[in-house]
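> Please see the structure below; I have some questions.
The values are calculated or read from the model by the stated rules, or taken from the named source; none is laboratory data. What you see is a predicted model; the values in this text were computed from it and never measured. As a convention, Cβ positions derive from the backbone with ideal geometry for all residues, glycine included, and neighbour counts pool all protein chains shown. Heads up: the accessible areas ignore ligands, DNA and RNA and are worked out on the full protein's heavy atoms, side chains in. Shrake-Rupley method; radii C 1.70, N 1.55, O 1.52, S 1.80 Å.
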Amino acid sequence: MPTTDTPADAAQKTTSPMVINCVAYRTDGTRLKDIDVDGISDVLEEPDTFVWVGLHEPDETLLLKLQEEFDLHDLAVEDAQQAHQRTKVETYGDSLFIVVQTAQLVEGHIAFGETHIFLGKRYLITIRHGASLSYTPARHLCEKTPELLAHGPSYGLYGVLDFIVDNLLPIVRDFREELQELEQDIFSDTFNRSTVRRLYDMQRELLTLRLAVAPMQDVISQLVRLHPELIPDELRAYFRDVYDHVFRVNESIGAMREMLTAAINVNLSLVTFGQNEVMKKLAGWAAMLAAPTLITSWYGMNFTHMPELDKPWAYPAIICMVAVLVAGIYTALKRARWL
């Protein structure tokens, strides 16, 4: 009697949109063929082969299928189902489970994602969650150097990590260019709330980026020093190069955050200085008006006997005295650069 496939079985036998790539390679570094998920076990039965699988936000069914094909550890698969893991590298038998943070610049703001990586002697699995570029360019670059890909999946791991780190530098560079564009507003005498708000947002996003990048140094440092059964000595120099790139990105983020802090302080200082200049001018004009106001107010009082009321030269003398007094105050304030 013929059997009928369940919907889950039918889904496994077709190409899923969650499977970006599933490629078999020979141990000499040459590409063998594209395969589907169901054909992985058949390829692994052949000697001198390994498999590189690239996934994007897979569901539980697909992950369980990969667990069956590659004999992945239950805890690692459980972590891979959730896209909220810390950056880390964990050892499960003769395989590694690696989590790294990814970032993309989307409409002027940084969007973050995660990549989960399974590394074994005969397989490499990359699982992308959230904001992340496809690793197809990294795969193609590795395929152009089959003599290095002959070292196995660990060279593919290097290609993926190098691709992730290299995509972080343009983010810092774009922020630096935006800061240069904001310099005209920063050195403006008038206070612009939107400028300060954008500087604060940039500083906050770079802080989040640094929290994502800094732990990656520890992960790559472990790959440089440990796990000789998976990472041959011939490739450790390449992972050291990735470590240097991560270190440079981390230093660039720190320098950029310091520049943003300085920009905010300069902007606020210039605004405060401008306000002080305005207050000094207002105080200077108020002082010049206070002198004649005080003198003339005496003559507004209702007394019978006022000084010099019976003198014909009294009013011209008072006017001249007020003019000389105001001129003296003006000269003093001008010399003091209050006006």
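> Scan (1) 36.1, 136; (2) 19.3, 57; (3) 20.5, 63 for the value of Rg and Dmax of the Cα atoms in Å calculated from this model and give just the label.
After the calculation, the listed value that fits is (1).
> Quick one: angle between helix 169-181 and the longest Cα principal axis of the chain, in degrees between 0 and 90, rounded to 10, please.
20 degrees
> Which of the trypsin sites (Lys or Arg not before Pro) found in the stretch 58-147 are in a DSSP loop and have at most 13 neighbouring Cβ atoms, other than their own, within 10 Å?
Arg86, Lys121, Lys144
> Can you tell which of Glu205, Glu143, Glu234 shows the greatest fluctuation in a Gaussian network model of the chain with Cα springs below 10 Å?
Fluctuation is largest for Glu234.
> Next question, about the same structure. Of Val278, Thr87, Thr145, which is farthest towards the positive pole of the chain's charge dipole, taken about the Cα centre with +1 and -1 on the beta-carbons of Lys, Arg and Asp, Glu respectively?
Val278
> Count charges around Ala131 for me, please; just the other residues with Cβ under 13 Å from its Cβ, Lys/Arg as +1, Asp/Glu as -1.
That works out to -3.
> Also, quick follow-up: Hey, what angle do you get for helix 193-225 against the long axis of the chain, alpha-carbon based, 0 to 90 degrees rounded to 10?
30 degrees
> List, in order, the whole-Hz ³J(HN,Hα) value for each residue of the stretch 20-26 obtained from phi through the Karplus relation with A = 6.51, B = -1.76, C = 1.60 and θ = phi - 60°; use x for Gly and Pro.
Each residue's phi maps through the Karplus curve to give 7, 9, 8, 10, 9, 10, 8 Hz.
> For the chain, modelled as a Gaussian network with Cα springs under 10 Å, which listed residue fluctuates most, Gly274, Gly328, Gly130?
Looking only at Gly274, Gly328, Gly130, the largest GNM fluctuation is found for Gly328.
> What longest region of the chain stays clear of chymotrypsin sites (Phe, Trp or Tyr not before Pro) that DSSP places outside H, G, I, E and B and that have at most 12 other Cβ atoms within 10 Å?
My reading of the result: 1-186 is the longest stretch.
> Enumerate lysine pairs in the chain that are 8 or more residues apart or on different chains, then count those whose Cα atoms are under 16 Å apart.
Working: Lys13/Lys65; Lys33/Lys144; Lys280/Lys334; Lys281/Lys334.
Eligible lysine pairs with Cα atoms under 16 Å apart amount to 4.
> Roughly how tilted is helix 60-70, in degrees to the nearest 10 and between 0 and 90, from the longest Cα axis of the chain?
Taking the Cα atoms of the chain, the angle to 60-70 is about 50 degrees.
> Suppose all protein chains stay in the model; what accessible area per residue would a 1.4 Å probe give for the stretch 172-288, in Å²?
57 Å²
> Using a 1.4 Å probe on the protein heavy atoms, what percent of the accessible area of the chain belongs to carbon and sulfur?
On the way: 10490 of 18650 Å².
About 56 percent, which is the carbon plus sulfur part of the accessible surface.
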